[in-house]
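These notes are about the structure you will find just below.
The values are calculated or read from the model by the stated rules, or taken from the named source; none is laboratory data. The structure displayed is predicted, hence computed values, not measured ones. As a convention, Cβ positions derive from the backbone with ideal geometry for all residues, glycine included, and neighbour counts pool all protein chains shown. Only protein heavy atoms, including side chains, enter the accessible area calculation; ligands, DNA and RNA are left aside. Shrake-Rupley method; radii C 1.70, N 1.55, O 1.52, S 1.80 Å.
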Amino acid sequence: MEKELNELLENLTKELKECSKEADVLNVKSKYVGKKSRIMEIMSGLKDMSVEDKRKYGSLINNTKKELENTINNYLEDLTNTLDIDFDDTLDYEVNTGSLHPVTIIAKEVTDALKKMGFTIVSGPEMDTEYYNFEALNIPKDHPARDMQDTYYLDNNMLLRTHTSGVQVRAMEKYGAPLRICVPGRVFRNEDLDASHENTFFQLEGMVIDKNISIENLIGVMQELLREVFHKDVKVRLRPGFFPFTEPSYELDCSCLICDGKGCPTCKNSGWIELIPGGMVHPEVLRAGGIDPEVYNGFAFGLGLTRLAMMKYKIKDIRVFNNGDIRYLENFKID
Ligand code: DAH
């Protein structure tokens, strides 16, 4: 008898520990001290016991019942004191954490890599003047290069910047030479939307101005940058390109990151992907920034952050970046 009563107390304590809601405790209560509980059964058996047994067990049984009740009531009191809400277990209380946008993640990776190489992050206005976006970059009015970038023009010679290159001259004016900056930012083009065209996307401008800078420096920085972002050595090659603000200008290709240069649909079986345009800063641009091209030179590049994010995360449709679909962003949750 003593053993059984002790076990009742022990089992009750164990079961209570599992209870996190008031309703659970009430279930346990009816099991241990309710009408059909074992202790009630034992108590109703008391009357049939011999006088000797009654004397021996009567108070033990009564005390055990009181102890069972006290234990349950104390537990219930503790529980309701700590929780002022009575949880409804039909609702899901899971905490929903947010996630970073894939372009934000890429921008951070790229700028972190550039910071390690001594670059400073600067920013410029999204609504800019024609002067900084075009003229200061050696693209006068009526220059055919303006057609390369379909522009949203605003009033008073203002526009939505078509590239982050506009910050080049602003930064030179503000900080002078030598200079090592990167400019992540949103840019705008008057484009019809489809799987590979957006009117709002992200670029990152890079520029280094110093003495005796060569194209080798540009290649070195690009290789280091791609190694940091893709965690592996990425082969690069240069092809001649044309931009009014660099001379000479290049298109930098990297070995296809999807197939490692073997050839796949993404690289159109060439093994190469056109990734980062750039070149040596044009002397006219240095002059516009108040820097003497006889003393200083430099390189610049314009990296498509949105494009890089598409490559890194193998995203086929550019429109997902701006459509605000939370289900899509949830794929980028950081645990
Ligand atoms: N601004 C160019 C674009 O949006 C990209 C670019 C090309 C930036 C060459 C540069 C550069 O700094 O040197 O298409």
Task: Cα Rg, Dmax, the chain, angstrom units - done: 36.0, 118
Open item on the list: Suppose each label sits 7 Å from its Cα in the direction of the beta carbon; what would the Glu15-Asp48 distance come out to in nanometres?
Closed with: 2.3 nm
Open item on the list: Of the candidates Val25, Val295, Val285, which one comes out as most mobile in a Gaussian network treatment of the chain with C-alpha springs shorter than 10 Å?
Closed with: Val25
Task: Within the chain, helix-based [θ] at 222 nm, where runs of 4 or more DSSP H residues each add -39,500 (n - 2.57), nearest 500 - done: -12000 deg cm²/dmol
- [ ] Could you check the simple spin-label distance between Glu67 and Glu22, using points 7 Å along Cα→Cβ, in nm with one decimal?
- [x] 2.9 nm
Task: Long-range HN-HN contacts of Tyr250 with modeled amide H, under 5 Å - done: Gly241, Gly278, Gly279
TODO: Provide the gained length on full extension for the span His231 to Thr80, in nm with one decimal, where the gain is 0.36 nm per separating residue minus the Cα-Cα distance.
DONE: 49.1 nm
Task: Computed accessible area, Lys54, all protein chains, 1.4 angstrom probe, square angstrom - done: 90 Å²
Task: Loop sites in the stretch 275-335: trypsin sites (Lys or Arg not before Pro), DSSP, at most 11 other Cβ within 10 Å - done: Lys314, Lys316, Lys333
Task: Estimated vicinal HN-Hα couplings, Hz - the stretch 275-280 in sequence order (Karplus 6.51, -1.76, 1.60; Gly, Pro = x) - done: 10, 10, x, x, x, 8
TODO: Give the angle, between 0 and 90 degrees and rounded to the nearest 10, that separates the Cα long axis of helix 2-17 from the longest principal axis of the Cα atoms of the chain.
DONE: 20 degrees
Open item on the list: In Å², and per residue, what accessible area does the chain have when probed at 1.4 Å with the other protein chains present?
Closed with: 57 Å²
- [ ] Provide the per-residue ³J(HN,Hα) series for the stretch 168-180, in order, calculated from phi with Karplus coefficients 6.51, -1.76, 1.60 and θ = phi - 60°, each as a whole number of Hz, with x at glycine and proline positions.
- [x] 3, 6, 4, 5, 4, 4, 7, 10, x, 10, x, 8, 9
TODO: Could you pull out every residue, at least 5 positions away or on a different chain, whose amide H is within less than 5 Å of the one on Phe299? Hs are placed 1.01 Å off N in the peptide plane, and Pro or chain starts have none.
DONE: Val208, Val281
TODO: For Asp317 and Asn157, calculate 0.36 nm times their separation in residues minus their Cα-Cα distance, and state this gained length in nm to one decimal.
DONE: 54.3 nm
Open item on the list: Every cysteine in the chain with no other Cys Cβ under 4.7 Å from its Cβ, please list them in numeric order.
Closed with: Cys19, Cys182, Cys254
Open item on the list: Give me the one-decimal Kirkwood hydrodynamic radius in Å for the stretch 216-335, with the sum taken over alpha-carbon pairs.
Closed with: 16.3 Å
- [ ] Mind telling me which of Glu224, Glu284, Glu94 comes out most flexible in a GNM of the chain, alpha-carbon contacts under 10 Å?
- [x] Glu94
TODO: Tell me the label-point distance for the pair Lys141, Asn6, using the 7 Å Cα-to-Cβ offset, in nm and rounded to one decimal.
DONE: 10.1 nm
- [ ] Report, by chain and number, residues whose modeled amide H sits under 5 Å from the one on Cys264, excluding near sequence neighbours (fewer than 5 apart, same chain).
- [x] Asn269, Ser270, Gly271
